[in-house]
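K.L.:
Here it is: the structure, laid out below.
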């Protein structure tokens, strides 16, 4: 399953590669990284049919994760191709307003930082098993 992680903090790449080393090596999960909402849209335009899930931070300079979510849901409405990827939002602020806004815009899930990688891994593996 192809996952695009969108976060302006570049160390997330190392974190995800360490936490999901076994799943990456076995080919169950595959990660790509974008460090801004704009970069994520560019990546999606080039790889739309590959990305199944997007994990996006909400608070980023430039385009926020919520703005990115809005663009994704507007552009990728009809399945297939390309089907709309699932979008999980991640934020350091677990406030109700951001959560409600993300879910109203079509986010499939909402996670707070620090990310519980054990719970995230369980969710991703369930999604990956449904994909096949």
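K.L.:
Kindly establish whether residue 127 is part of a helix (DSSP H, G or I), at pLDDT 95 or above, touching a strand residue (DSSP E or B) at 6+ places or on another chain (Cβ under 9 Å) and surrounded by 15 or more Cβ atoms within 10 Å (Cβ to Cβ).
P.N.:
no
K.L.:
Under 6 Å between Cβ atoms, which residue pairs at least 6 apart in sequence (or on different chains) link something in the range 1-18 that is in contact (Cβ under 8 Å) with a residue 60 or more places away in the chain with a partner that is crowded, with 21+ Cβ neighbours inside 10 Å and part of a helix (DSSP H, G or I)?
P.N.:
Short answer, once both residue conditions are applied: 6/40.
K.L.:
Here is a list: 4, 68, 53. Which entry is closer than 17 Å to residue 117 by Cα, in contact with a helix residue (DSSP H, G or I) (Cβ under 7 Å, 6 or more places away or on another chain), crowded, with 18+ Cβ neighbours inside 10 Å and modelled with pLDDT of 95 or more?
P.N.:
4
K.L.:
Given 94, 27, which one is in contact with a strand residue (DSSP E or B) (Cβ under 7 Å, 6 or more places away or on another chain), farther than 16 Å from residue 7 by Cα, without any contact (Cβ under 8 Å) to a residue 24 or more places away in the chain and in a loop (DSSP other than H, G, I, E, B)?
P.N.:
94
K.L.:
Scan 107, 102 and give me the residue that is touching a strand residue (DSSP E or B) at 6+ places or on another chain (Cβ under 7 Å), over 23 Å from residue 18 (Cα atoms), in contact (Cβ under 8 Å) with a residue 24 or more places away in the chain and not in a helix (DSSP H, G or I).
P.N.:
Within the list 107, 102, the selection yields 107.
K.L.:
Hey, can you tell me all the residues within the range 35-50 that are closer than 20 Å to residue 112 by Cα and surrounded by fewer than 21 Cβ atoms within 10 Å (Cβ to Cβ)?
P.N.:
35, 36
Residues are listed down the side, and each one gets a yes or a no for (1) closer than 18 Å to residue 32 by Cβ; (2) within 14 Å of the chain's Cα centre (by Cα); (3) surrounded by fewer than 16 Cβ atoms within 10 Å (Cβ to Cβ); (4) modelled with pLDDT under 90:
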{"position": "85", "(1), (2), (3), (4)": "yes, yes, no, yes"}
{"position": "91", "(1), (2), (3), (4)": "no, yes, no, yes"}
{"position": "101", "(1), (2), (3), (4)": "no, no, no, no"}
{"position": "120", "(1), (2), (3), (4)": "yes, yes, no, no"}
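The values are calculated or read from the model by the stated rules, or taken from the named source; none is laboratory data. All figures in this text were calculated on a predicted structure; none of them were measured in a lab. Note: ideal-geometry Cβ built from the backbone for every residue, glycine included; neighbour counts use all protein chains shown.
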